[in-house]
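A short write-up of the structure that comes next.
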Amino acid sequence: MYDLVIRGGTVVTPEAVLAADIGIFGEKIAALGDGLEGKSQVDASGKLVFPGVIDPHVHFSLPVGGTVSSDDFYSGSVAAACGGVTTVIDFTVGAPERTMAEDLRKRFEDARPSVVDYSFHGEVVGWRPGRRAEIAEAMADGIKSFKFFTAYGASGRRTDTGPLFQAFRAIAEGDGVAVIHAEDDSMIEASAALLSREEWGRMGTVAEVRSDLCEASAVNSVGWIAARTGVRCHIVHLSSALGLGEVETARRRGAVMTAETCPQYLLLTSGVYEGPQGHLYSATPALRTPGDNEALWRGLSSGAVNFAATDHCPFTRSQKEWKGAFDRLPGGLPGVETLLPLLYSEGVLKGRLSLCSLVRATSEQAAKLYGLYPGKGCLLPGSDGDLVIFDPEESWTMRVGALRMNVDFSPYEGMEVRGKVWQTISRGEVIYADGRFLGRRGRGKFLPR
Ligand SMILES: [Zn+2]
(Lines give C-alpha, C1' and ligand atoms only; values in the text may rest on other atoms or scores of the structure.)
Protein backbone atom coordinates (compact mmCIF):
# COMPACT_ATOMS: atom_id res chain seq x y z
CA MET A 1 0.00 0.00 0.00
CA TYR A 2 1.53 3.30 -1.13
CA ASP A 3 0.88 6.67 0.47
CA LEU A 4 -0.29 8.18 -2.82
CA VAL A 5 -1.11 6.62 -6.16
CA ILE A 6 -1.60 8.54 -9.40
CA ARG A 7 -3.90 6.19 -11.32
CA GLY A 8 -4.68 5.73 -14.95
CA GLY A 9 -2.64 8.61 -16.38
CA THR A 10 -0.49 8.68 -19.49
CA VAL A 11 3.02 8.87 -18.07
CA VAL A 12 5.59 10.78 -20.12
CA THR A 13 9.26 10.11 -19.41
CA PRO A 14 12.28 11.32 -21.39
CA GLU A 15 12.29 7.97 -23.20
CA ALA A 16 8.69 6.81 -23.49
CA VAL A 17 4.97 7.51 -23.23
CA LEU A 18 3.21 4.75 -21.30
CA ALA A 19 -0.01 3.95 -19.47
CA ALA A 20 0.96 3.36 -15.83
CA ASP A 21 0.07 4.11 -12.24
CA ILE A 22 2.70 5.82 -10.10
CA GLY A 23 3.04 4.81 -6.46
CA ILE A 24 4.60 7.29 -4.03
CA PHE A 25 5.87 6.30 -0.62
CA GLY A 26 6.79 9.20 1.67
CA GLU A 27 8.56 11.78 -0.49
CA LYS A 28 9.77 9.34 -3.15
CA ILE A 29 8.47 7.52 -6.18
CA ALA A 30 8.32 3.86 -5.19
CA ALA A 31 6.89 2.13 -8.24
CA LEU A 32 5.41 2.43 -11.71
CA GLY A 33 2.96 -0.30 -12.56
CA ASP A 34 -0.59 -1.50 -12.99
CA GLY A 35 -3.34 -1.55 -10.39
CA LEU A 36 -1.29 0.07 -7.60
CA GLU A 37 -3.20 0.77 -4.38
CA GLY A 38 -2.70 3.86 -2.24
CA LYS A 39 -4.02 5.36 1.00
CA SER A 40 -4.93 8.29 -1.17
CA GLN A 41 -5.43 8.14 -4.91
CA VAL A 42 -5.65 10.64 -7.71
CA ASP A 43 -7.59 9.68 -10.81
CA ALA A 44 -5.45 10.91 -13.70
CA SER A 45 -7.33 9.24 -16.53
CA GLY A 46 -7.30 11.42 -19.61
CA LYS A 47 -4.37 13.38 -18.18
CA LEU A 48 -0.65 13.47 -18.93
CA VAL A 49 1.80 12.88 -16.09
CA PHE A 50 5.17 14.63 -16.43
CA PRO A 51 8.19 14.83 -14.14
CA GLY A 52 8.04 18.06 -12.12
CA VAL A 53 9.30 20.97 -14.22
CA ILE A 54 12.73 22.37 -13.37
CA ASP A 55 13.20 26.05 -14.14
CA PRO A 56 16.96 26.48 -13.86
CA HIS A 57 16.96 30.23 -14.52
CA VAL A 58 14.84 32.51 -12.33
CA HIS A 59 15.47 35.83 -10.60
CA PHE A 60 13.33 36.31 -7.50
CA SER A 61 13.98 39.49 -5.47
CA LEU A 62 16.71 40.60 -7.84
CA PRO A 63 17.98 44.13 -7.25
CA VAL A 64 18.38 45.88 -10.64
CA GLY A 65 19.06 49.57 -11.22
CA GLY A 66 17.38 50.91 -8.07
CA THR A 67 14.42 48.52 -8.11
CA VAL A 68 13.81 44.84 -7.29
CA SER A 69 12.16 42.17 -9.44
CA SER A 70 8.54 41.99 -8.36
CA ASP A 71 8.37 38.32 -7.32
CA ASP A 72 10.08 37.35 -4.09
CA PHE A 73 10.83 33.73 -3.21
CA TYR A 74 7.33 33.25 -1.81
CA SER A 75 5.20 34.77 -4.59
CA GLY A 76 7.55 33.48 -7.28
CA SER A 77 7.64 29.94 -5.98
CA VAL A 78 3.84 29.87 -5.54
CA ALA A 79 3.51 30.91 -9.20
CA ALA A 80 6.07 28.24 -10.09
CA ALA A 81 4.04 25.57 -8.27
CA CYS A 82 0.87 26.67 -10.10
CA GLY A 83 2.75 26.22 -13.38
CA GLY A 84 3.99 22.70 -12.61
CA VAL A 85 7.47 23.80 -11.56
CA THR A 86 8.81 21.83 -8.57
CA THR A 87 12.44 23.02 -8.65
CA VAL A 88 13.92 26.45 -9.38
CA ILE A 89 17.52 27.57 -9.60
CA ASP A 90 18.07 31.23 -8.79
CA PHE A 91 21.33 33.17 -8.52
CA THR A 92 23.35 34.76 -5.78
CA VAL A 93 23.82 38.50 -6.30
CA GLY A 94 27.54 39.07 -6.87
CA ALA A 95 29.54 42.23 -6.21
CA PRO A 96 33.26 42.99 -6.51
CA GLU A 97 33.59 43.93 -2.85
CA ARG A 98 31.86 40.86 -1.38
CA THR A 99 32.93 37.23 -1.07
CA MET A 100 30.81 34.54 -2.65
CA ALA A 101 30.17 33.09 0.83
CA GLU A 102 28.60 36.40 1.87
CA ASP A 103 26.46 36.44 -1.28
CA LEU A 104 25.33 32.91 -0.57
CA ARG A 105 24.40 33.58 3.06
CA LYS A 106 22.21 36.49 1.98
CA ARG A 107 20.47 34.40 -0.68
CA PHE A 108 19.76 31.56 1.76
CA GLU A 109 17.89 34.12 3.89
CA ASP A 110 15.95 35.42 0.87
CA ALA A 111 14.97 31.89 -0.20
CA ARG A 112 13.63 30.71 3.17
CA PRO A 113 9.91 31.21 2.25
CA SER A 114 10.17 29.16 -0.98
CA VAL A 115 7.39 26.62 -1.46
CA VAL A 116 9.30 24.56 -4.04
CA ASP A 117 12.81 23.11 -3.90
CA TYR A 118 15.61 25.39 -4.96
CA SER A 119 19.28 25.84 -5.58
CA PHE A 120 21.55 28.68 -6.66
CA HIS A 121 24.09 29.53 -9.29
CA GLY A 122 26.94 31.53 -7.79
CA GLU A 123 27.16 34.83 -9.66
CA VAL A 124 30.75 35.98 -10.08
CA VAL A 125 31.26 39.73 -10.45
CA GLY A 126 34.82 41.02 -10.26
CA TRP A 127 37.31 38.19 -10.85
CA ARG A 128 40.43 38.16 -8.69
CA PRO A 129 42.81 35.34 -7.74
CA GLY A 130 41.10 34.88 -4.35
CA ARG A 131 37.92 33.84 -6.15
CA ARG A 132 39.55 30.44 -6.80
CA ALA A 133 39.33 29.54 -3.13
CA GLU A 134 35.82 31.04 -2.94
CA ILE A 135 34.69 28.77 -5.77
CA ALA A 136 36.14 25.71 -4.03
CA GLU A 137 34.38 26.74 -0.82
CA ALA A 138 31.05 27.29 -2.62
CA MET A 139 31.39 23.84 -4.21
CA ALA A 140 31.83 22.33 -0.74
CA ASP A 141 28.53 24.04 0.18
CA GLY A 142 26.76 22.39 -2.76
CA ILE A 143 26.97 25.19 -5.34
CA LYS A 144 28.35 23.75 -8.57
CA SER A 145 27.52 26.34 -11.22
CA PHE A 146 28.90 29.87 -11.56
CA LYS A 147 27.47 32.70 -13.62
CA PHE A 148 29.48 35.22 -15.62
CA PHE A 149 28.46 38.11 -17.85
CA THR A 150 30.41 39.02 -20.96
CA ALA A 151 28.27 42.19 -21.13
CA TYR A 152 27.19 44.94 -18.70
CA GLY A 153 30.63 46.55 -18.38
CA ALA A 154 28.94 49.85 -17.54
CA SER A 155 27.50 48.41 -14.31
CA GLY A 156 30.74 46.56 -13.55
CA ARG A 157 29.37 43.06 -14.10
CA ARG A 158 31.40 42.11 -17.19
CA THR A 159 34.19 39.54 -16.96
CA ASP A 160 36.71 39.86 -19.80
CA THR A 161 38.21 36.89 -21.61
CA GLY A 162 41.49 36.84 -19.64
CA PRO A 163 39.83 36.52 -16.22
CA LEU A 164 37.25 34.18 -17.76
CA PHE A 165 40.06 31.82 -18.79
CA GLN A 166 41.36 31.77 -15.18
CA ALA A 167 37.87 31.26 -13.81
CA PHE A 168 37.06 28.42 -16.21
CA ARG A 169 40.21 26.57 -15.09
CA ALA A 170 39.17 26.87 -11.44
CA ILE A 171 35.64 25.64 -12.20
CA ALA A 172 36.89 22.76 -14.38
CA GLU A 173 39.05 21.52 -11.49
CA GLY A 174 35.96 20.91 -9.37
CA ASP A 175 33.87 19.66 -12.33
CA GLY A 176 31.53 22.62 -11.96
CA VAL A 177 29.57 24.42 -14.67
CA ALA A 178 30.44 27.87 -16.03
CA VAL A 179 27.16 29.63 -16.86
CA ILE A 180 27.49 32.43 -19.40
CA HIS A 181 25.40 35.43 -20.42
CA ALA A 182 26.93 35.81 -23.87
CA GLU A 183 26.81 39.21 -25.58
CA ASP A 184 29.85 41.04 -26.98
CA ASP A 185 29.99 44.22 -24.90
CA SER A 186 32.44 46.02 -27.16
CA MET A 187 30.08 45.69 -30.12
CA ILE A 188 27.17 46.89 -28.02
CA GLU A 189 29.08 49.91 -26.71
CA ALA A 190 30.44 50.87 -30.13
CA SER A 191 27.05 50.85 -31.82
CA ALA A 192 25.35 52.55 -28.85
CA ALA A 193 27.90 55.37 -29.08
CA LEU A 194 26.64 56.24 -32.57
CA LEU A 195 22.94 56.44 -31.72
CA SER A 196 20.96 59.62 -32.26
CA ARG A 197 18.58 60.92 -29.61
CA GLU A 198 15.70 59.72 -31.79
CA GLU A 199 17.17 56.21 -31.90
CA TRP A 200 17.60 56.09 -28.11
CA GLY A 201 13.95 57.03 -27.91
CA ARG A 202 12.74 54.02 -29.90
CA MET A 203 12.40 50.67 -28.11
CA GLY A 204 13.11 48.77 -31.32
CA THR A 205 16.67 50.11 -31.41
CA VAL A 206 17.59 47.54 -28.76
CA ALA A 207 17.40 44.75 -31.35
CA GLU A 208 19.91 46.59 -33.57
CA VAL A 209 22.34 47.53 -30.81
CA ARG A 210 22.22 44.12 -29.14
CA SER A 211 22.12 42.15 -32.40
CA ASP A 212 22.48 38.44 -33.03
CA LEU A 213 26.08 39.14 -34.06
CA CYS A 214 26.81 40.30 -30.49
CA GLU A 215 25.57 36.96 -29.19
CA ALA A 216 27.41 34.88 -31.79
CA SER A 217 30.68 36.76 -31.25
CA ALA A 218 30.59 36.21 -27.49
CA VAL A 219 29.66 32.52 -27.83
CA ASN A 220 32.57 32.13 -30.23
CA SER A 221 35.20 33.55 -27.90
CA VAL A 222 33.79 31.79 -24.83
CA GLY A 223 33.76 28.59 -26.88
CA TRP A 224 37.52 28.76 -27.45
CA ILE A 225 38.15 29.19 -23.72
CA ALA A 226 35.78 26.38 -22.89
CA ALA A 227 37.47 24.05 -25.38
CA ARG A 228 40.93 24.83 -24.04
CA THR A 229 40.04 24.51 -20.33
CA GLY A 230 37.68 21.54 -20.67
CA VAL A 231 35.12 23.24 -18.41
CA ARG A 232 31.44 22.39 -18.77
CA CYS A 233 30.12 25.64 -20.21
CA HIS A 234 26.45 26.57 -20.42
CA ILE A 235 25.04 29.44 -22.51
CA VAL A 236 21.91 30.92 -20.94
CA HIS A 237 18.96 32.43 -22.83
CA LEU A 238 20.22 31.70 -26.33
CA SER A 239 18.24 33.97 -28.64
CA SER A 240 19.43 33.54 -32.21
CA ALA A 241 20.12 31.12 -35.04
CA LEU A 242 23.56 32.70 -35.39
CA GLY A 243 24.32 32.09 -31.71
CA LEU A 244 23.14 28.49 -31.98
CA GLY A 245 25.46 27.98 -34.97
CA GLU A 246 28.38 29.16 -32.80
CA VAL A 247 27.40 26.77 -30.00
CA GLU A 248 27.58 23.92 -32.51
CA THR A 249 30.93 25.18 -33.82
CA ALA A 250 32.31 25.32 -30.27
CA ARG A 251 31.24 21.71 -29.73
CA ARG A 252 33.08 20.67 -32.90
CA ARG A 253 36.17 22.38 -31.49
CA GLY A 254 35.91 20.18 -28.42
CA ALA A 255 34.05 22.48 -26.03
CA VAL A 256 31.65 20.77 -23.63
CA MET A 257 28.97 23.35 -24.29
CA THR A 258 25.27 23.27 -23.52
CA ALA A 259 22.62 25.91 -24.17
CA GLU A 260 19.14 26.87 -23.05
CA THR A 261 16.54 29.05 -24.68
CA CYS A 262 13.41 30.69 -23.25
CA PRO A 263 9.76 30.92 -24.39
CA GLN A 264 10.24 34.59 -25.33
CA TYR A 265 12.91 33.63 -27.89
CA LEU A 266 10.72 30.85 -29.26
CA LEU A 267 7.46 32.82 -29.45
CA LEU A 268 8.11 36.56 -29.67
CA THR A 269 9.91 38.72 -32.22
CA SER A 270 11.32 42.24 -32.25
CA GLY A 271 8.04 43.33 -33.84
CA VAL A 272 6.53 43.61 -30.34
CA TYR A 273 8.80 46.60 -29.61
CA GLU A 274 6.87 48.72 -32.10
CA GLY A 275 3.54 48.75 -30.24
CA PRO A 276 2.59 51.26 -27.51
CA GLN A 277 3.45 48.59 -24.92
CA GLY A 278 6.75 47.81 -26.61
CA HIS A 279 8.84 48.98 -23.68
CA LEU A 280 7.27 46.31 -21.43
CA TYR A 281 9.28 43.73 -23.40
CA SER A 282 12.63 45.11 -22.24
CA ALA A 283 14.95 42.19 -21.62
CA THR A 284 18.33 41.03 -22.83
CA PRO A 285 19.26 39.50 -25.17
CA ALA A 286 16.85 41.30 -27.48
CA LEU A 287 13.95 39.59 -29.25
CA ARG A 288 14.70 38.62 -32.84
CA THR A 289 13.04 37.30 -36.02
CA PRO A 290 10.60 34.49 -36.92
CA GLY A 291 13.58 32.66 -38.49
CA ASP A 292 15.38 32.73 -35.15
CA ASN A 293 12.24 31.40 -33.41
CA GLU A 294 12.08 28.47 -35.79
CA ALA A 295 15.82 27.68 -35.55
CA LEU A 296 15.52 27.55 -31.75
CA TRP A 297 12.45 25.30 -31.91
CA ARG A 298 14.34 22.94 -34.21
CA GLY A 299 17.32 23.05 -31.84
CA LEU A 300 15.15 22.26 -28.85
CA SER A 301 13.60 19.32 -30.68
CA SER A 302 16.94 17.88 -31.86
CA GLY A 303 18.70 18.49 -28.55
CA ALA A 304 21.15 21.04 -30.05
CA VAL A 305 19.49 23.41 -27.57
CA ASN A 306 19.59 21.28 -24.44
CA PHE A 307 16.66 22.67 -22.50
CA ALA A 308 14.26 25.54 -21.88
CA ALA A 309 14.35 27.95 -18.96
CA THR A 310 12.42 31.15 -18.38
CA ASP A 311 14.86 33.80 -17.13
CA HIS A 312 11.84 34.80 -15.02
CA CYS A 313 12.61 38.37 -13.93
CA PRO A 314 9.33 40.27 -13.62
CA PHE A 315 8.83 44.00 -13.27
CA THR A 316 5.49 45.75 -13.05
CA ARG A 317 4.18 48.37 -15.48
CA SER A 318 5.15 51.13 -13.08
CA GLN A 319 8.64 49.71 -12.64
CA LYS A 320 8.89 49.66 -16.43
CA GLU A 321 7.55 53.17 -16.92
CA TRP A 322 9.03 54.60 -20.12
CA LYS A 323 11.69 57.20 -19.35
CA GLY A 324 12.54 58.24 -22.89
CA ALA A 325 15.32 55.76 -23.76
CA PHE A 326 15.37 51.99 -24.17
CA ASP A 327 18.35 51.56 -21.84
CA ARG A 328 16.57 53.23 -18.91
CA LEU A 329 14.30 50.27 -18.18
CA PRO A 330 14.86 47.29 -15.91
CA GLY A 331 15.28 44.27 -18.20
CA GLY A 332 13.39 41.03 -17.71
CA LEU A 333 10.10 39.23 -18.36
CA PRO A 334 7.80 37.08 -16.23
CA GLY A 335 7.54 33.41 -17.18
CA VAL A 336 8.05 30.79 -14.47
CA GLU A 337 4.33 29.96 -14.36
CA THR A 338 3.77 29.65 -18.10
CA LEU A 339 6.75 27.60 -19.32
CA LEU A 340 5.04 24.23 -19.48
CA PRO A 341 1.68 25.27 -20.97
CA LEU A 342 3.40 27.42 -23.62
CA LEU A 343 5.80 24.68 -24.68
CA TYR A 344 2.97 22.15 -24.77
CA SER A 345 0.52 24.35 -26.66
CA GLU A 346 2.96 25.98 -29.07
CA GLY A 347 5.49 23.14 -29.18
CA VAL A 348 3.83 19.74 -28.88
CA LEU A 349 0.47 20.64 -30.42
CA LYS A 350 2.10 22.44 -33.35
CA GLY A 351 4.33 19.48 -34.15
CA ARG A 352 7.58 21.18 -33.06
CA LEU A 353 8.27 18.95 -30.04
CA SER A 354 7.42 15.37 -29.16
CA LEU A 355 6.07 14.66 -25.68
CA CYS A 356 9.39 13.03 -24.75
CA SER A 357 11.40 15.99 -26.00
CA LEU A 358 9.10 18.30 -23.99
CA VAL A 359 10.05 16.38 -20.84
CA ARG A 360 13.73 16.40 -21.72
CA ALA A 361 13.56 20.17 -22.30
CA THR A 362 11.58 21.06 -19.17
CA SER A 363 13.07 18.66 -16.64
CA GLU A 364 15.58 15.93 -17.46
CA GLN A 365 18.35 17.85 -19.19
CA ALA A 366 18.61 20.66 -16.64
CA ALA A 367 18.67 18.07 -13.83
CA LYS A 368 21.53 16.26 -15.52
CA LEU A 369 23.62 19.34 -16.22
CA TYR A 370 23.20 20.82 -12.76
CA GLY A 371 23.76 17.68 -10.70
CA LEU A 372 20.15 17.11 -9.59
CA TYR A 373 19.57 13.87 -11.51
CA PRO A 374 18.14 11.28 -10.75
CA GLY A 375 16.67 12.77 -7.56
CA LYS A 376 14.98 15.26 -9.89
CA GLY A 377 14.28 15.23 -13.62
CA CYS A 378 12.76 11.78 -14.04
CA LEU A 379 10.06 9.40 -12.84
CA LEU A 380 12.17 6.47 -11.65
CA PRO A 381 11.68 4.53 -8.44
CA GLY A 382 13.82 6.29 -5.84
CA SER A 383 13.43 9.74 -7.44
CA ASP A 384 11.68 12.51 -5.56
CA GLY A 385 7.90 12.40 -5.95
CA ASP A 386 7.83 15.53 -8.12
CA LEU A 387 5.12 15.34 -10.77
CA VAL A 388 2.81 17.45 -12.86
CA ILE A 389 -0.59 16.16 -13.85
CA PHE A 390 -1.52 18.04 -16.99
CA ASP A 391 -4.91 18.32 -18.64
CA PRO A 392 -4.24 18.27 -22.39
CA GLU A 393 -7.82 19.16 -23.30
CA GLU A 394 -8.44 22.33 -21.33
CA SER A 395 -8.37 25.47 -23.46
CA TRP A 396 -7.81 28.84 -21.87
CA THR A 397 -6.77 32.36 -22.72
CA MET A 398 -3.59 33.82 -21.30
CA ARG A 399 -4.67 36.78 -19.16
CA VAL A 400 -2.60 38.42 -16.50
CA GLY A 401 -5.57 38.22 -14.11
CA ALA A 402 -5.56 34.42 -14.36
CA LEU A 403 -1.91 34.08 -13.38
CA ARG A 404 -0.23 34.15 -9.98
CA MET A 405 3.03 35.88 -10.84
CA ASN A 406 3.30 39.23 -9.09
CA VAL A 407 3.17 41.36 -12.21
CA ASP A 408 0.44 43.32 -13.99
CA PHE A 409 1.08 42.39 -17.60
CA SER A 410 1.78 39.23 -19.58
CA PRO A 411 3.99 39.14 -22.69
CA TYR A 412 1.44 36.63 -24.07
CA GLU A 413 -1.78 38.47 -23.13
CA GLY A 414 -4.70 37.14 -25.17
CA MET A 415 -2.91 34.07 -26.51
CA GLU A 416 -5.12 31.01 -26.83
CA VAL A 417 -3.51 28.10 -25.00
CA ARG A 418 -4.50 24.46 -25.01
CA GLY A 419 -3.44 22.32 -22.07
CA LYS A 420 -3.23 23.33 -18.43
CA VAL A 421 -1.54 22.20 -15.25
CA TRP A 422 -4.14 20.34 -13.17
CA GLN A 423 -2.08 19.20 -10.19
CA THR A 424 1.47 19.71 -9.00
CA ILE A 425 3.03 17.25 -6.58
CA SER A 426 6.28 18.05 -4.80
CA ARG A 427 8.04 15.30 -2.83
CA GLY A 428 4.79 13.39 -2.57
CA GLU A 429 2.69 16.37 -1.44
CA VAL A 430 -0.05 17.86 -3.61
CA ILE A 431 0.82 21.57 -3.58
CA TYR A 432 -1.48 22.72 -6.37
CA ALA A 433 -4.78 21.26 -7.48
CA ASP A 434 -7.39 22.54 -9.88
CA GLY A 435 -6.69 26.23 -9.51
CA ARG A 436 -5.78 26.25 -5.84
CA PHE A 437 -2.36 26.50 -4.23
CA LEU A 438 -2.20 24.07 -1.29
CA GLY A 439 1.42 24.18 -0.15
CA ARG A 440 2.81 26.07 2.79
CA ARG A 441 5.37 28.82 3.05
CA GLY A 442 8.90 27.58 3.57
CA ARG A 443 8.29 23.95 2.62
CA GLY A 444 10.84 24.11 -0.24
CA LYS A 445 14.26 22.62 0.46
CA PHE A 446 17.70 23.74 -0.62
CA LEU A 447 19.20 21.19 -2.98
CA PRO A 448 22.94 20.87 -2.50
CA ARG A 449 24.55 19.60 -5.66
ZN1 LIG B 1 18.89 35.81 -16.17
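The values are calculated or read from the model by the stated rules, or taken from the named source; none is laboratory data. As the structure is a computational prediction, the values presented were derived from the model and not from experiment. So basically every Cβ, Gly included, is an ideal-geometry build from the backbone, and we count neighbours across all protein chains shown. Side chains are part of the model used for accessible areas, which takes the heavy atoms of the whole protein and leaves out ligands, DNA and RNA. Shrake-Rupley method; radii C 1.70, N 1.55, O 1.52, S 1.80 Å.
The table that follows gives values for the structure above.
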| read-out | value |
| --- | --- |
| Per residue value of the accessible surface for the chain (all protein chains in place, 1.4 Å probe), Å² | 36 Å² |
| Accessible carbon and sulfur surface of the range 52-369 relative to its total accessible area, %, 1.4 Å | 53 percent |
| The range 52-369 - share of DSSP beta bridges that are antiparallel (%, nearest 5) | 5 percent |
| Cα-centre dipole for the range 71-138 with unit charges at Cβ (Lys and Arg positive, Asp and Glu negative), debye to 20 | 240 debye |
| Options Ala207, Val17, Leu447, ranked by Cα towards positive dipole end of the chain, top entry (Cβ charges) | Leu447 |
| Ordering of 430-440, 392-402 by packing [mean C-beta count within 10 Å, highest first] | 430-440, 392-402 |
| Peptides ranked, highest mean first, by Cβ atoms within 10 Å: ranges 414-426, 258-270 | 258-270, 414-426 |
